[in-house]
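Student: Here you go, one structure.
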Amino acid sequence: MRGLYCQLAQSNEDIKFVLQDKESFPSVHDHYVKIQVRVCAFSPVNTKLLSELKLQKDFLPIGREVAGVVIEVGPKVSFFKPKDEVVGILPMDCTESGLSNTLLIHEHSLVTKPENVSWADAAGTIRDGLRAYMALHTHSSVSAGTTVLVMDGANPFGTIVIQLAHHRGAKIISTVHNNEDKKYLEELRPTVARVINVSDSKVDLVDSCMEETGGLGVNIVVDCGVQLYSKDDESAVKRHLPHKHDILSLLAVAGHWVTTEENLQLDPPDSRLLFCKGASISFLNEEVWQLSNMQQGKYLHILKDVMEKLSIGTFRPQLDEPIPIYEATVAMEMVQKNQVRKKQVVRL
């Protein structure tokens with residue numbers, strides 16, 4: 001069965017994506033359902049996490065956000081029946097690519113797709129929606145009157161975070177890196193309270209946030225990575241990101257910082273600043289839901305809520321036009337290198 005896979009070099013940094021055929025999977029059994037895939041969405045592969053969990057293979061399957069139609073169910077399946085339209089996220093240890101025509105998936109990895117939601121919207125939103133819920137509800141508590149700073153809010157994840165925070169009645173501040181992204185955010189409805197173009201050398205992130213909040217600071221910060229060192233010591237990829245000290249400085253009393261920076265290091269003065277503010281930090285890693293089934297019900301509830309928000313128009317994802325499978329290799333290479341601004345989806 002044809003699918004997209006990535007081949008790692010010894011350094012784990014040089015990644016090559018290839019389309020190849022693999023043997024078909026076994027027959028449907030127990031709690032598993034067989035689906036015909038309609039659309040698959042791409043997200044970057046965290047090769048370091050896979051290596052630490054000893055889940056690396058010679059060829060890693062690519063494309064874990066899928067939407068499709070159930071064509072067969074196992075004898076113990078209770079949630080779905082043939083012809084149901086479903087969407088879900090494949091587990092990290094899945095051996096099949098999401099670009100396969102048919103997939104065998106455990107029923108607890110899927111939820112029903114609403115009829116009025118397109119295949120592309122469902123697959124393209126499911127993961128970012130899950131991450132947004134974790135950032136604003138699992139790790140922090142967004143509510144009316146809360147001020148939320150979303151770093152790089154014009155990317156697909158940032159857009160969903162902004163829309164969920166708006167839905168909860170929060171005030172939104174967001175950063176961008178160019179005028180095109182600034183225009184996009186300024187045209188969003190409901191409106192973003194303030195859009196800060198950090199590429200402008202005359203603009204200071206901390207001063208702008210303090211001015212917007214009357215000197216009180218921001219209640220919740222959701223980042224897309226941070227600088228750990230001075231700009232001269234950082235890689236070119238990270239030089240546009242905010243410095244960790246700036247984020248700590250703009251946090252309000254009892255504020256909360258949700259970070260995607262897995263290698264975050266805090267020096268004693270940083271910890272002291274957090275202590276004085278009574279603030280806290282959480283790490284955003286959406287894979288924890290599938291690494292442990294302890295809160296499986298809560299996980300499925302979040303996925304269902306993401307689909308409901310999508311069906312009523314609360315979520316309006318940033319998707320590129322669906323591409324054919326023969327363009328998947330190039331698209332995934334761009335996703336892995338963070339060279340695209342919209343979510344990439346493949347139509348099968």
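Every number here is computed from the coordinates shown, using simple stated rules; none is lab data. Only a predicted model underlies this, so the values are computations on that prediction, with no experimental measurement involved. Quick reminder, even Gly has a Cβ in these numbers, built from the backbone with ideal geometry, and neighbours come from all protein chains shown.
Student: When the convex hull of the C-alpha atoms of the stretch 239-278 is computed, what volume per residue in Å³ does it have?
Tutor: Here the figure is 76 Å³ per residue.
Student: Hull surface divided by four, with the convex hull built on the Cα atoms of the chain: how many nm²?
Tutor: 17.8
Student: Sticking to Cα atoms, compute the Rg of the stretch 74-181 to one decimal and its Dmax as the biggest Cα-Cα distance, whole number, in Å.
Tutor: 17.2, 55
Student: Mind jotting down the distance between the C-alpha centroids of the stretch 121-148 and the stretch 243-299, whole Å?
Tutor: The stretch 243-299 and the stretch 121-148 have Cα centres spaced 15 Å from each other.
Student: Which pairs, out of Lys304/Lys342; Lys22/Lys298; Lys171/Lys343; Lys277/Lys304, put more than 27 Å between their alpha-carbon atoms?
Tutor: From Lys304/Lys342; Lys22/Lys298; Lys171/Lys343; Lys277/Lys304, over 27 Å: Lys22/Lys298; Lys277/Lys304.
Student: Given N residues in the stretch 9-99, what is Rg(Cα) / (2.2 N^0.38 Å)?
Tutor: Dividing the Cα Rg of the stretch 9-99 by 2.2 N^0.38 Å gives 1.21.
Student: Please report the projected area of the stretch 141-206's Cα convex hull averaged over all directions, in nm².
Tutor: If you wrap the Cα atoms of the stretch 141-206 in a convex hull and average its projections, you get 4.2 nm².
Student: Now, a different point. Which far-off residues, 5 or more places away or on another chain, put their amide H under 5 Å from the one on Leu251, with H placed in the peptide plane?
Tutor: Val218
Student: Would you kindly derive the ³J(HN,Hα) couplings of the stretch 299-313 from the backbone phi angles with the Karplus curve 6.51 cos²θ - 1.76 cosθ + 1.60 (θ = phi - 60°), listing them in order in whole Hz, with x for Gly and Pro?
Tutor: Here the 3J(HN,Hα) series is 4, 5, 4, 5, 4, 5, 5, 4, 5, 5, 4, 5, 6, 9, x Hz.
Student: What residues qualify as long-range amide H neighbours of Leu90, i.e. H under 5 Å apart, gap of 5 or more or another chain, H built at 1.01 Å from N?
Tutor: Long-range HN contacts for Leu90: Glu65, Val66.
Student: For Thr147, what residues show an amide H to amide H distance below 5 Å, using hydrogens built from the backbone and excluding near sequence neighbours?
Tutor: Hits under the 5 Å cutoff: Lys171, Asn219, Ile220.
Student: Can you give me the angle between helix 119-133 and the longest principal axis of the chain, using Cα atoms only, in degrees from 0 to 90, rounded to the nearest 10?
Tutor: For helix 119-133, the angle is close to 40 degrees.
Student: Just subtract the alpha-carbon distance of His137 and Gln36 from 0.36 nm times their residue separation and send over the number in nm, one decimal.
Tutor: Computed gain between His137 and Gln36 is 33.1 nm.
Student: To continue, here is another question. Once you list every other residue whose beta carbon is under 12 Å from the beta carbon of Trp257, what net charge do they have if Lys and Arg are +1 and Asp and Glu are -1?
Tutor: Here the count lands on -2.
Student: Restricting to DSSP H runs of at least four residues, report the calculated mean residue ellipticity at 222 nm for the chain, -39500 (n - 2.57) per run over all residues, nearest 500 deg cm²/dmol.
Tutor: After summing the helix terms and dividing by residue count, I get -8000 deg cm²/dmol.
Student: Would you mind computing the Rg to Rh ratio of the stretch 1-156 from its alpha-carbon coordinates, Kirkwood style for Rh?
Tutor: Radius of gyration over Kirkwood radius for the stretch 1-156 works out to 1.01.
Student: Ok, one more. Just order 263-273, 165-175 by mean Cβ neighbour count inside 10 Å, highest at the front, would you?
Tutor: Result, highest mean Cβ count within 10 Å first: 165-175, 263-273.
Student: Using only the alpha carbons, work out the radius of gyration and Dmax of the stretch 133-258 in angstrom.
Tutor: In Å, with Rg to one decimal and Dmax whole: 13.5, 40.
Student: Using the 2.2 N^0.38 Å rule of thumb for compact globular proteins, work out how the stretch 222-327 stacks up: its C-alpha Rg over that value, please.
Tutor: 1.42
Student: When a/c reaches 1.5 or more, the comparison of a/b and b/c decides; with that in mind, is the stretch 246-302 rounded, prolate or oblate per its Cα gyration tensor?
Tutor: prolate
Student: In whole Å, what three semi-axes, largest first, describe the equivalent ellipsoid of the stretch 39-82 built from its Cα gyration tensor (square root of 5 times each eigenvalue)?
Tutor: Computed over the stretch 39-82, the values are 29, 15, 9 Å.
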